[in-house]
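I have placed the structure first, in the form of structure tokens, so that the comments after it can refer back to it.
The values are calculated or read from the model by the stated rules, or taken from the named source; none is laboratory data. All values derive from a computational prediction rather than experimental measurement. All Cβ positions, glycine included, derive from the backbone under ideal geometry; neighbour counts span all protein chains shown.
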Amino acid sequence: MSKFRVVRITLRGWQQLSHQINVLDGPARGCPVASLRSLTSRLAGMPVRLHHIVIDAHDLPRLARFWAQALGWRILSEREREVVIGPDETAPVGMCFMPVTETKTIKNRVHLDLTSEADDRDTEIERLIQIGARRVDIGQTGNESWIVLADPEGNEFCVVRPKTTLIR
């Protein structure tokens, strides 16, 4: 099971927001569907929200399994041309894997940053390597507070120093 805090923070925040909405809604208390509807209506003024992080892949099932294992998520939908993973079907954000024919040729312009507890960081990095990640050099000096890895198809991601919020 993954111990990456970024996932737990996201879920904990969503659950707290959902709980606050349940308390405010009165009759909706304890009803996730009603809470989701209430949340949707409260956020109606927002033009867009993040839904999926989409990753191009040659071997969709393999890459989806890697990321599901890495994050402690599960495969929610698996079709020939799309695989979706997430903590569960009602999570605020998931990852979607789509097929491509061309190979990756340059450094990603967008990448994921993962974090863990301080005591778990080295163990988590080794676990990621055991399930298919590899260390990569993108020009680091060696003084960074993060480790750069690549998933089985070469998409870079970082394991950053332990964080408790999005900015600390």
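Observations, loosely collected:
- Residue within segment 73-83 that is in a strand (DSSP E or B) and among the hydroxyl-bearing types (Ser, Thr, Tyr) present: yes
- Residue in segment 84-122 that is nearest to residue 55 (Cα to Cα), counting only those that are assigned to a helix (DSSP H, G or I), of a type outside the set (Lys, Arg) and in contact (Cβ under 8 Å) with a residue 40 or more places away in the chain: 120
- Subset of segment 128-145 (residues that are closer than 20 Å to residue 55 by Cβ and either hydroxyl-bearing (Ser, Thr, Tyr) or modelled with pLDDT of 95 or more (or both)): 128, 129, 131, 132, 133, 134, 135, 136
- Pick from segment 54-73, criterion without any contact (Cβ under 8 Å) to a residue 60 or more places away in the chain and surrounded by fewer than 15 Cβ atoms within 10 Å (Cβ to Cβ), ranking: nearest to the chain's Cα centre (by Cα): 54
- Selected residue (criterion: nearest to the chain's Cα centre (by Cα)) from residues of segment 113-168 that are of a type in the set (S, T, N, Q) and closer than 21 Å to residue 67 by Cα: 115
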